[in-house]
Structures are given as C-alpha cells and as structure tokens.
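A.B. asks: Just passing along the structure, written as structure tokens.
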Amino acid sequence: MSEATAVPGAATDTVLSLRGICKHFGAVAALTEVDLDVAAGEVVAVVGDNGAGKSTLVKVLSGVYTPDAGSIVLRGEPVFLDSPALAHARGIATVFQDLALCENLDVKANLFLGQELRPWMLDDVAMEKRSWQLLRELSAKIPTLDVPVAALSGGQRQTVAIARSLLSDPQIVLLDEPTAALGVAQTAEVLNLVERLKHKGLGVVMISHNMEDVRAVADRVAVLRLGRNNGVFDAASVSAEEIVAAITGSTDNVVARRAARRTTSPQAEKGEL
Amino acid sequence: MTSLGTPAATATDLQDERLATPQGITDNVRAAIRRVRDGDLGSLPVIGGIVVIWTIFQSLNATFLSSTNLVNLSFDMVPVGVLALGIVCVLMVGQIDLSVGSVSGVSAAITAVVMVKHEQPMVLAVLAAVAAGCLIGWVYGQVFNRVGVPSFVVTLGGLLAFLGVQLWLLRGQNAINLPYDSTLVRFAQLWFVPHWLAYALAVAAAGGFLATGWVRARTRRRAELSSSSLQWLVTQSLLLLAALLFAVSYLNRTRGVAWMFVFFVALVLVMNYVFTRTKFGRSLCAVGGNAEASRRAGIDVRGVYTAAFVLCSGLAATGGILAASRLAAANQSTGTGDVNLNAIAAAVIGGTSLFGGRGSTFAALLGVLVIQSISSGLTLLNLDSSYRFVITGAVLLIAVGLDSVARRSRQAHGRG
C-alpha cells in the first residue's frame, strides 16, 4: 500500500477512468457509452434501478466481461482486462455480492485462499501475522482468526471479504452491494470500512441500492439509467430526491411524490388519519 | 502492531478484550472441556466408541484384548484402512467413490497375474497395480469434470465395470496364490519391528511431537503471536509417550508391532501433513467447502477434483495389494462384499463429513479400528456375518447421528 498512501485526499488524481464503454448481449445494450472516473482516495457510488447496468459495469471492471467498445485507462495507461486474474494483477480488486468465502475454513485460510505462502510447507505464522495487520488496518471487529467463517456474522464476513481484496495491494476496490444483506450496526461497520479504504488512498467504486449508505460515504454519485450515464452528483450537496429522479428518469414518481407529501404537510396527513 | 497503545506483552492475536486467554495447564484443560461441551468433539466420540466396543467384547470373550488378538487386529485393519484413507480424500472435496472395493480387487488381480502368471519381479507388479489404480482415478476425474456425471454415478459404473475386469483377469481360476516366500506376503504376515526399535520409534514419535510443537511455539512467539505454553506441550508429549510405550510393550508381549501397521500409520501421518500443511491440502478443503469461491480465488478446481480421485483410486489399489498379500492370494472375492462400504463407513465413523470440507486422515485410522474391532470381536464369538453387518450398520448410524447433533451444537456455539 506504499504507493497508494502517498496521495491521501488528493481527489484530483484520477486512478481509473472509463470512456465510452459499450456492452451488448445479443440485441440488448446493457451499457451504452458509459463514462466513469475514480480518483485515489475517493469513493464513487454507482446507483441505478434494476437492469440499469450496474452489475455489468462491475463485471467489465473486474475482467469478467470484455467491453465491446470504449477504453479503460488505469493510472494514465490504457488497459485491456480480459480475465479476472489480469484485472486483479493490474490492481483492481473486486468484492462480489456473494462474498465467495469458504465457510468451513477459518479466517486466515480464507484471506490467503489461492495465495498461500510457501505451498509445500504453509507459513501459517507469517499468514496469521499479515492477516492481523490487514484486519487491524481496517479496525475490523473480529476477535479471533481461528474460527471458521461459518461462525461469523454477516458484517464480519463482509470485512473478511474486503480484507482479502486488500491482500494484493490494489489501487481500486469494487464493492458490489456491500451492505445489501446487513443489519443496522453491521452496515455502519462496513461503511466505516469503506471510509478507511478511502483514507488509505484507494479508489473505491461502490454499487448500492441504499441512498442513505451512498450519501453517508460516497464523494460522488454516478447514476446509471438503462445502461447510460444519467448524471454524476456531488454527494455532499445532492438531495435524495434528485438522485431518485435521476435513477427513475423523472421528477414525478411515486418516491418523490411521497417524500414531497411528507415534508410539506405532515400536519395535514396526521389530521387525515 | 504493538505500537498501537497495547502492551507489547499481549500477543497480536489475543488483543481483543472479548477473548478469554488460557494460561497454564488447568486453563488449557478447562478450554478443552468447553470445546467439547460446545459440540467440538474432535476424535472423542470415536475414541469413546472404541473403549465401549472393546469393553463389551472383552467381557464376552477374554481373549479379545489379548496381545495376540490385537496384533492380528493391527494387521487386518490395514487394507481397509488404506481404502478408507482414499475415501477421506474424495469426501474432503464433497464427492464419493463407491468403487474402491472393485479397484482394490483389480489391483490385487493385476499384482497376482504379473507376479505369478508372467513371473515378473514383485516391484513391477506393485507399480503396475498402483499405476492402474491411478489411471482409473484419472478417468473418473475426466468423466466427472468434462462430462459432468455425478461422482456417485461415475464410480457406481466403475464398481460394476472393474468387478468385471477383476473376474476377467482371474478367468479360469478361482484364485491365484502368491508365493509364501515373496516379500509381499512376508511383509503382510511375518515382518515385525524388532522390539527395541519399536520402543525407539515410540520415543522418536513423542520427541518429534515435542520438537515440532516447540519450534512452532518459538516461531509464533517471535512473530508476537500467542503460543501454547511449554508446560502444556511437555504434558501432552509425556502423555503421548506413555500411551505409545504402553501399546508397544503390550504388543511386544507376543509378536510385536507389524511393519505393515507402521506403514499404515506412516501413510496416515504423511497424508495428514499434506492435508493440513500444504497449499494442495488447503485447496482440497476449500473446494469441498465452496467450489465456486475456490474457483474465483484462482484454485484449479478441476485439477483438485482429479487429484482427489487419483489419490483415492491409487490408495485403493495399494489397499488391494495389501489385502492380497495378507491373504497370500488374489481371488475373485478380493475387494467384494462389504469391503467398499466398510471403507466408506470407516471414514465417516472417524468423523469425515459426507458433504465435503471437513475431515482428517486420523478419521480413517480410528474409523477402521472401530470397524475391524467389531469384525474381530464377532469372529471370536463365533457369530456369523449377519450380526456383523447389523452391528456395523448400527455403529455407522450412531456415529453419523452423533456428528449431526454435535454439528448443531457447534453452530449454536459459534464454532461453525
């Protein structure tokens, strides 16, 4: 992480930029001319309705899909990511929604899965030390590494999955719906984690459905709608209604109407009841 | 890491205030008792089962626990034990091999045919048999990986097909006798470790346990991680030493410790090392736990499956050679009947999960000891095999039932 920590907070230093990304599946255009920029030490939330192309975008970035057109520029260098291994090697780490952990293995075995030190005489001590170092950097709340992952809570599992993505010193971390299956406290824990990634100087791309989470940690919010860019907002100044409007493509929709009703006339509503 | 305001005296892995840290022997014993209460039984149920079975048979027939009978037991458990070791490999990745019996029969037949019919050297016969076993496993792996036939079906096909091959190899004669003066037969019937060497091996084993534990504790301390106390380690080593010396001295009252048994134990230890201390072993557990996650972590899942099948069939072939050597003959019934199911039952009784990802090679050792004790005890009582089947079946059911209950308890106590 030596490289990345050199530029904390320098939000103008673009690490990753996508230009004109297109991806078709048969007749369906999943992504059309999508642009996205991520700077070091910046959290970019990608939001959108179901089918807006969020997952496709993640898969393009993580090397699962190759885009039909467009360019991916990583640290000023155009890259062609045609396999997950290559994306990983270039410094793009992905935490998929289903976490992909082996529940029967303990935490340190999961962290180093597929990247064990000393294949013919596992260096458990070094792996455990590095595991603790990673988890402490994230201020993770995991008391012991000796328990199988099956015994951890959802938030702790998410922590393990995120810590694993950091093992290879990435520059960009993609988080696909990191809080989708979590309770209130665990969500807060994971959001803290996202902030810590940011302070470590990593670029974070977070896919989310949850507006509150997005506004809590994101610096910018990129909205996708039907596979196209539909605006990039500054998370600090944008209102939830504006984002919802961008997601749904109109200012007049059920969500906005209900919100408006509540803010304008709470008294009236109560009176009606 | 210790500069974060925590005292350097606290090991890196024990800094969480929610952790209770065992100190000294009493704490270690208490922690062990708590683990058992939580359902993390380890090998305890099997060892308890062995004690119960031995007590019952000893009270029914005083010769059961005699040195002579235990020496025989130590011989007889090896062929099925080696098969069970193979079964542990495939169960680890969440698959099954139903054909280990047939494969062991084919391997016995190959050994006999090459050695006796074609009068080739023994080494060649053994190599041919083991190579044939590995090849069978490789074919299973390819069919499983590329065609996608479930391992249950692939090996069920193998069970029938290789029984046919075995009968074909032995066509025209019921059995091929192996010469009594051949190394194989002498190894499986007559070779014993000299008494002094057996004691020396026992001491070496306990010493090795102590030394590896000590080195491990020292590296962990240097890395500022917690380590088990020297006191506890020495206690464990002394207990192990006492147990081993007692066993050796008891067996030495008559013929002593068989080389074949030593071979089996060595095999168990080597496989245990592979399972727990190598990347390959980690991959086996990982694939058994979550194949998709393993694939995404960059593990060659297909390769791991193939390796498991090859290991299983290769060990089955080895077991077949040992069975033929023990009998001094390869006949049409070698590896048939209950051999298959005994091997699978042994692995499961020992605590290997049928659903993959959990198990150890010691499971094969302990499980086969249970199975073979029952079989030996009933033979001494002059009861026919009908009782043996029923009792073995009941023990299997109890073992798996106990494991299921323990698993629920483990989950409830956060031990996975």
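The values are calculated or read from the model by the stated rules, or taken from the named source; none is laboratory data. If you're wondering where the values come from, they're calculated on a predicted model, not measured in any experiment. In this analysis, Cβ positions are derived from the backbone assuming ideal geometry, glycine residues included, and neighbour counts consider all displayed protein chains. The area values use the complete protein model at the heavy-atom level, side chains included, leaving out ligands, DNA and RNA. Shrake-Rupley method; radii C 1.70, N 1.55, O 1.52, S 1.80 Å.
A.B. asks: What residue, of A:S131, A:S139, is of a type in the set (G, A, S), more than 7 Å from chain B (Cβ to nearest Cβ) and open to solvent by less than 10 Å² (accessible area, probe 1.4 Å)?
C.D. replies: A:S131
A.B. asks: Inspect all residues belonging to the stretch A:158-168 and state whether any of them is surrounded by fewer than 19 Cβ atoms within 10 Å (Cβ to Cβ) and in a helix (DSSP H, G or I).
C.D. replies: For the stretch A:158-168, residues surrounded by fewer than 19 Cβ atoms within 10 Å (Cβ to Cβ) and in a helix (DSSP H, G or I): absent.
A.B. asks: For B:N252, which of the numbered conditions (1) in contact (Cβ under 8 Å) with a residue 40 or more places away in the chain; (2) away from every other protein chain (no Cβ under 14 Å); (3) open to solvent by 20 Å² or more (accessible area, probe 1.4 Å) fails to hold?
C.D. replies: (3)
A.B. asks: Ok, one more. Examine the stretch B:354-371 for a residue that is more than 12 Å from the chain's Cα centre (by Cα), over 29 Å from B:L44 (Cβ atoms) and part of a helix (DSSP H, G or I), and state whether such a residue exists.
C.D. replies: Scanning the stretch B:354-371 turns up no residue that is more than 12 Å from the chain's Cα centre (by Cα), over 29 Å from B:L44 (Cβ atoms) and part of a helix (DSSP H, G or I).
A.B. asks: Out of the stretch A:10-37, which residues are modelled with pLDDT of 90 or more, in contact with a Lys or Arg (Cβ under 9 Å, 6 or more places away or on another chain) and β-branched (V, I, T)?
C.D. replies: A:V15, A:T32, A:V34, listed by residue number.
A.B. asks: Somewhere in the stretch B:220-232, is a residue in contact with a Cys (Cβ under 7 Å, 6 or more places away or on another chain) and either in contact (Cβ under 8 Å) with a residue 12 or more places away in the chain or open to solvent by 30 Å² or more (accessible area, probe 1.4 Å) (or both)?
C.D. replies: Of the residues in the stretch B:220-232, the ones in contact with a Cys (Cβ under 7 Å, 6 or more places away or on another chain) are none.
No: the stretch B:220-232 contains no residue that is in contact with a Cys (Cβ under 7 Å, 6 or more places away or on another chain) and either in contact (Cβ under 8 Å) with a residue 12 or more places away in the chain or open to solvent by 30 Å² or more (accessible area, probe 1.4 Å) (or both).
A.B. asks: Inspect the stretch A:216-236 for any residue being small (G, A, S), in a helix (DSSP H, G or I), open to solvent by 30 Å² or more (accessible area, probe 1.4 Å) and farther than 30 Å from B:R410 by Cβ and give the result as yes or no.
C.D. replies: Checked the stretch A:216-236: at least one residue is small (G, A, S), in a helix (DSSP H, G or I), open to solvent by 30 Å² or more (accessible area, probe 1.4 Å) and farther than 30 Å from B:R410 by Cβ.
A.B. asks: If B:L225 satisfies all but one of (1) within 14 Å of another protein chain (Cβ to nearest Cβ); (2) assigned to a helix (DSSP H, G or I); (3) aliphatic (A, V, I, L, M), what's the number of the condition it fails?
C.D. replies: With (1) within 14 Å of another protein chain (Cβ to nearest Cβ); (2) assigned to a helix (DSSP H, G or I); (3) aliphatic (A, V, I, L, M) applied to B:L225, the lone miss is (2).
A.B. asks: Something else: Is the stretch A:137-145 home to any residue that is farther than 28 Å from B:R410 by Cβ and not charged (D, E, K, R)?
C.D. replies: yes
A.B. asks: Might you let me know whether the stretch A:242-259 holds any residue that is in a helix (DSSP H, G or I), among the basic types (K, R) and either within 18 Å of A:V38 (Cβ to Cβ) or modelled with pLDDT under 85 (or both)?
C.D. replies: Yes: the stretch A:242-259 contains one or more residues that are in a helix (DSSP H, G or I), among the basic types (K, R) and either within 18 Å of A:V38 (Cβ to Cβ) or modelled with pLDDT under 85 (or both).
A.B. asks: Something else about it: On the basis of being surrounded by fewer than 20 Cβ atoms within 10 Å (Cβ to Cβ), more than 7 Å from chain B (Cβ to nearest Cβ) and either without any contact (Cβ under 8 Å) to a residue 60 or more places away in the chain or out of contact with any helix residue (DSSP H, G or I) (no Cβ under 8 Å at 6 or more places or on another chain) (or both), does A:Q115 make the cut?
C.D. replies: yes
A.B. asks: I've got another one for you. Taking the stretch B:144-165 only, how many residues are open to solvent by less than 50 Å² (accessible area, probe 1.4 Å), more than 20 Å from B:G319 (Cα to Cα) and assigned to a helix (DSSP H, G or I)?
C.D. replies: 5
A.B. asks: Any idea how many residues of the stretch A:118-128 are open to solvent by less than 10 Å² (accessible area, probe 1.4 Å) and more than 7 Å from every other protein chain (Cβ to nearest Cβ)?
C.D. replies: 1
A.B. asks: Pairs only if they're at least six apart or on different chains, beta carbon under 8 angstrom, first in the stretch A:204-219 and closer than 16 Å to A:A180 by Cβ, second open to solvent by 10 Å² or more (accessible area, probe 1.4 Å) and among the basic types (K, R); list them, first residue then second.
C.D. replies: Qualifying pairs under 8 Å: A:I207/A:K54; A:V217/A:K198.
A.B. asks: Let me ask you something else. Quick one: would you say A:V147 is away from chain B (no Cβ under 14 Å) and either aliphatic (A, V, I, L, M) or open to solvent by 30 Å² or more (accessible area, probe 1.4 Å) (or both)?
C.D. replies: Considered against the rule, which asks whether it is away from chain B (no Cβ under 14 Å) and either aliphatic (A, V, I, L, M) or open to solvent by 30 Å² or more (accessible area, probe 1.4 Å) (or both), A:V147 comes out as no.
A.B. asks: For A:L182, state whether it is away from chain B (no Cβ under 13 Å) and either without any contact (Cβ under 8 Å) to a residue 60 or more places away in the chain or among the aliphatic types (A, V, I, L, M) (or both). Explain how you work it out, then say what you get.
C.D. replies: Numbers: away from chain B (no Cβ under 13 Å): yes; either without any contact (Cβ under 8 Å) to a residue 60 or more places away in the chain or among the aliphatic types (A, V, I, L, M) (or both): yes.
Yes.
A.B. asks: Something else now. Based on this model, can you work out whether B:R408 counts as within 14 Å of chain A (Cβ to nearest Cβ), in contact (Cβ under 8 Å) with a residue 24 or more places away in the chain and in a helix (DSSP H, G or I)?
C.D. replies: Judged against the criteria, B:R408 is a match.
A.B. asks: For the structure I just gave you, tell me whether B:L241 is farther than 25 Å from B:F64 by Cα and open to solvent by 20 Å² or more (accessible area, probe 1.4 Å).
C.D. replies: No.
A.B. asks: Can you list residue pairs whose Cβ atoms sit under 8 Å apart, with the first residue in the stretch B:76-87 being at pLDDT 95 or above and the second being of a type in the set (D, E)? Count only pairs 6 or more apart in sequence or on different chains.
C.D. replies: Final answer for the pair search is B:G86/B:D97; B:I87/B:D97.
A.B. asks: Another one. Among strands (runs of 3 or more DSSP E) lying entirely in the stretch A:13-105, which contain 3 or more residues that are buried (at least 17 other Cβ atoms within 10 Å of the Cβ) and not hydroxyl-bearing (S, T, Y)?
C.D. replies: So the answer is A:14-25, A:28-39, A:43-48, A:69-74, A:92-95.
A.B. asks: Look at the stretch B:275-290 and say how many of its residues are open to solvent by less than 10 Å² (accessible area, probe 1.4 Å), touching a helix residue (DSSP H, G or I) at 6+ places or on another chain (Cβ under 7 Å) and facing chain A (nearest Cβ under 7 Å).
C.D. replies: Going through the stretch B:275-290 one residue at a time, the tally reaches 1.
A.B. asks: Would the stretch B:50-62 turn up any residue that is in contact with a Ser or Thr (Cβ under 8 Å, 6 or more places away or on another chain), open to solvent by 30 Å² or more (accessible area, probe 1.4 Å) and not acidic (D, E)? Steps first, answer last, please.
C.D. replies: Restricting attention to the stretch B:50-62, the residues satisfying the condition of being in contact with a Ser or Thr (Cβ under 8 Å, 6 or more places away or on another chain) are B:50, B:53-54, B:57.
Keeping just the survivors that are open to solvent by 30 Å² or more (accessible area, probe 1.4 Å) gives B:54.
Now drop any that are not not acidic (D, E), which leaves B:54.
Scanning the stretch B:50-62 turns up at least one residue that is in contact with a Ser or Thr (Cβ under 8 Å, 6 or more places away or on another chain), open to solvent by 30 Å² or more (accessible area, probe 1.4 Å) and not acidic (D, E).
A.B. asks: Give the stretch B:373-416 a look and list any residue that's among the basic types (K, R) and within 30 Å of B:A32 (Cα to Cα), or say none.
C.D. replies: B:R407, B:R408, B:R410, B:R415 - these are the residues of the stretch B:373-416 that are among the basic types (K, R) and within 30 Å of B:A32 (Cα to Cα).
A.B. asks: Here is a further query. When the residues of the stretch A:90-109 are filtered to those that are more than 10 Å from chain B (Cβ to nearest Cβ) and without any contact (Cβ under 8 Å) to a residue 60 or more places away in the chain, which remaining residue is nearest to A:V60 (Cα to Cα)?
C.D. replies: A:R90
A.B. asks: Here's something else I'd like to know. Read through the list (1) buried (at least 18 other Cβ atoms within 10 Å of the Cβ); (2) more than 14 Å from chain A (Cβ to nearest Cβ); (3) over 24 Å from B:Q189 (Cβ atoms), then give the number of the only condition that B:V400 fails.
C.D. replies: The one condition B:V400 does not meet is (1).
A.B. asks: Considering each residue of the stretch B:373-397, count those that are under 20 Å from B:N340 (Cβ atoms) and open to solvent by less than 30 Å² (accessible area, probe 1.4 Å), and give that number.
C.D. replies: The qualifying residues number 6.
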